[in-house]
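For reference, the structure discussed in these notes is given below.
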Amino acid sequence: MVEVKNLTKFYGSIKAVDDISFTVETGEVLGFLGPNGAGKSTTMNMITGYLSSTSGTVTIDGCEILDDPIHAKSKIGYLPEIPPLYIDMTVKKYLEFMFDLKKVKLPKKEHIDEVMRLTKITEQADRIIKHLSKGYRQRVGLAQALLGNPPVIILDEPTAGLDPKGRDDILDQIAYLHKQSDMTVILVSHSMEDIARYADRIIVMNKGSVMYNGAPKEVFAHYQELEKIGLAAPQVTYIMHDLKEKGLPVKVNVTTVEEAADEIMQALEKKI
Ligand code: ADP
Ligand code: MG
C-alpha cells in the first residue's frame, strides 16, 4: 500500500503540490488525472523519491520513502514523463546498465530476458534505442521500470506522443502486466479516455490539489466540472447523455465502449 500524507511542494514561491493525501491499495490500478500543470509529475517524483518534498510523507508498505530513498526505489518501478533512455545503447545494453544501477538481486541474464519478453521487445534486443519507434521506446521504458519486479509501478503519461494504435498497444501491455501479478499501478494521464478503460479508481488533480477521488463512474459523473478544468470526458459519456436527452432510457454513467453498447442494447430492447 502506498500512503501519501499532507504532501506539499514549493518551487521557490510556486506551490506546485498543495497538501495532498491519498492511499493506493495493493493490486489497485489508480488513474491519476489532471490538466497540464496540475502537479501530477511533481507528485510522482516525490512518491518515487526523485524529488524531495517541502513537507508531508510518503510510505510504501509502511516504509518511509524520504527517510530511505534507496530502499523505496527498490519498491517502485518508474517510467518518468521524460524517460532517461541512453539512446546510443542497444536495448539489451541499456537494460543491463539499469539492472546494475538499480542493484537488482536476481539472475541478470534470465531477468533481463524476462522483462524483454513481458514487454515484447525480445526481437529489438540488439537494436540501438535511437533507431526505435516511439512506441518501442516506451516499451523499453516500461521494461526498465519492471527491473527487479517492484511491487509498485508508476507510469507518467506513457501514451504521450503516441498515435491511437501505439496508445492502445502500450495500455494493453500495462493491463496485461497487471493481470500477470498483483502489481500496484499508478497510471498518470491528462486523457480520461486512456484511464477510463483501465483504472479501478481515479484521482483528479487540479492546481496542486485533489479535486476528486473515486470510482471512474463517480468521477466521470462530474464531466461538466472536469470540462471546466480542461479535461474532456470519454467520448461515450457524451453519446450517452445525448441519447438520454433524445429520449432513449439509458444510464448515463458508463465509461467504456463495451458498457455503452450493452446499455444501448438493453434500452432498445425495452423500447421495442
Ligand atoms: P503536471 O505533471 O500535472 O503537468 P507538474 O508537476 O509538471 O504538472 O507541474 C506543476 C507546476 O509546477 C506547474 O506550474 C509547473 O510549471 C511547476 N514546475 C514543475 N517543475 C518545476 C521546476 N523544476 N521548477 C519550477 N516550477 C516547476
Ligand atoms: Mg506531468
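Below are the figures for this structure:
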read-out: Any chance residue 156 is among the charged types (D, E, K, R) and in contact with a strand residue (DSSP E or B) (Cβ under 6 Å, 6 or more places away or on another chain); value: yes
read-out: Restricting the stretch 52-80 to residues that are of a type in the set (A, V, I, L, M) and at pLDDT 90 or above, the residue that is farthest from residue 100 (Cα to Cα); value: 58
read-out: Top-ranked residue of the stretch 19-53 - restricted to ones that are of a type outside the set (Gly, Ala, Ser), more than 20 Å from residue 73 (Cβ to Cβ) and within 16 Å of ligand 2 (Cβ to nearest atom), ranked as surrounded by the fewest Cβ atoms within 10 Å (Cβ to Cβ); value: 36
read-out: Positions within the stretch 1-14 being of a type in the set (Lys, Arg) and either more than 16 Å from ligand 2 (Cβ to nearest atom) or on the phi > 0 side of the Ramachandran plot (or both), in sequence order; value: 5
read-out: Flag for residue 268 being over 17 Å from the mean Cα position of the chain (by Cα) and surrounded by 14 or more Cβ atoms within 10 Å (Cβ to Cβ); value: no
read-out: Count of residues meeting criterion [exposed (fewer than 14 other Cβ atoms within 10 Å of the Cβ) and modelled with pLDDT of 95 or more] in the stretch 109-121; value: 2
read-out: Residue list for the stretch 10-54, restricted to those being within 12 Å of ligand 1 (Cβ to nearest atom), closer than 16 Å to residue 211 by Cα and of a type in the set (A, V, I, L, M); value: 16, 17, 20, 33, 38
read-out: Filter pass, residue 57 being polar (S, T, N, Q) and within 16 Å of ligand 1 (Cβ to nearest atom); value: no
read-out: Residue check for residue 207: within 16 Å of ligand 1 (Cβ to nearest atom), farther than 27 Å from residue 257 by Cβ and basic (Lys, Arg); value: yes
read-out: Hey, residue 232 closer than 14 Å to residue 34 by Cβ and either free of Cβ contacts under 8 Å to residues at least 12 places away in the same chain or surrounded by fewer than 15 Cβ atoms within 10 Å (Cβ to Cβ) (or both) or not; value: yes
read-out: Pair list, Cβ < 6 Å and 6+ apart or interchain, from the stretch 95-120 residues that are closer than 11 Å to residue 146 by Cβ to residues that are of a type in the set (Val, Ile, Thr) and in a helix (DSSP H, G or I); value: 95/112; 116/122
read-out: Tally, over the stretch 178-218, of residues that are assigned to a helix (DSSP H, G or I) and either in contact with a Pro (Cβ under 9 Å, 6 or more places away or on another chain) or surrounded by 18 or more Cβ atoms within 10 Å (Cβ to Cβ) (or both); value: 7
read-out: Odd one out for residue 56 among (1) surrounded by fewer than 19 Cβ atoms within 10 Å (Cβ to Cβ); (2) in a helix (DSSP H, G or I); value: (2)
read-out: Count - residues of the stretch 84-97 that are at pLDDT below 90 and surrounded by fewer than 18 Cβ atoms within 10 Å (Cβ to Cβ); value: 3
read-out: Conditions (1) more than 16 Å from ligand 1 (Cβ to nearest atom); (2) touching a strand residue (DSSP E or B) at 6+ places or on another chain (Cβ under 7 Å); (3) assigned to a loop (DSSP other than H, G, I, E, B); number of the one not met by residue 145; value: (3)
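The values are calculated or read from the model by the stated rules, or taken from the named source; none is laboratory data. Because the structure is predicted, anything quoted here is derived from the model rather than measured. Because the Cβ atoms are built from the backbone with ideal geometry, glycine has one as well, and the counts that use them run over all protein chains shown.
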